[in-house]
Amino acid sequence: MKHVLFVGKQNNCRSLLAEAILKDKLVRENLSERIHVNSAGTFQWQNKDAADKTITAVLEEHGLPTEGLHPKQLERHNLDSADYIISLDREVLKDLEKLARSSSHRSHYFLLLELFHSYTLDVPNPYYTKDFDEAYRLIDEGCKALLNKIKETS
């Protein structure tokens with residue numbers, strides 16, 4: 001089984017969107033038994049048990065399930081168990097590279113938007129841009145490309 005980990009700063013927006021979007025694609029392609037998806041944040045300033053209501057509304061608008069989505073703090077064992085560790089922006093990727101130096105596992109670390117031709121490498125944070133549709137669109141395209149990459153290498 002392959003393990004994918006999406007990592008954001010706080011795991012309350014973009015990385016949760018990515019987790020939900022990729023899980024939905026896996027279900028649609030009957031691959032959810034072969035690929036496990038999770039998300040986490042490098043910094044957790046809020047202690048939440050459930051995903052932000054704005055994010056759940058965006059997912060529901062696109063017909064995606066929101067059950068089981070909640071922010072999680074990144075822990076070292078997450079890095080050791082993941083085959084693909086996907087950052088949503090370059091700042092988080094730098095944090096991951098620092099953590100990876102002490103990790104025993106050789107995972108594939110990269111930016112989600114490196115996987116297709118995008119106008120940016122960073123998924124814009126919709127809490128600042130207020131453009132949740134653009135964040136969703138970019139993450140959806142990135143998840144399509146990621147799934148193709150995983151299928152090609154499996």
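Nothing in this text is a laboratory measurement; each read-out follows from the coordinates by a stated rule. As the structure is a prediction and not an experimental result, all values here were calculated from the model. Here the Cβ positions follow ideal geometry from the backbone for every residue, glycine too, while neighbour counts run over all protein chains shown.
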message = Just want to confirm a number: the relative contact order over region 2-153, from Cα pairs under 8 angstrom separated by 6+ residues, in percent.
response = 27
query = How high is the relative contact order of region 1-61, in percent, counting Cα pairs under 8 Å that sit 6 or more residues apart?
reply = 47
ask   = Which of these values of Cα extents along the principal axes in Å was calculated from the structure shown: [x] 39, 36, 32; [y] 53, 36, 26; [z] 46, 32, 25?
value = [x]
ask   = If you plug each phi of region 145-153 into the Karplus form 6.51 cos²θ - 1.76 cosθ + 1.60 with θ = phi - 60°, what whole-Hz ³J(HN,Hα) values come out, in order, with x for Gly and Pro?
value = 5, 4, 4, 4, 4, 5, 5, 5, 9
key: CD proxy at 222 nm, helix term only [per DSSP H run n ≥ 4: -39500 (n - 2.57); per residue of the chain; nearest 500]   = -13000 deg cm²/dmol
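What net charge do the residues around Leu112 carry, taking every other residue with its C-beta under 10 Å from that of Leu112, with Lys and Arg at +1 and Asp and Glu at -1?
For residues surrounding Leu112, the net value is -3.
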key: Long-range HN-HN contacts of Ser87 with modeled amide H, under 5 Å   = Val7, Phe110, Leu111, Leu112
ask   = With the dipole of region 2-153 worked out from charges on the C-beta (+1 for Lys and Arg, -1 for Asp and Glu) around the Cα centre, which of Ala135, Val4, Val27 lies farthest toward the positive end?
value = Val4
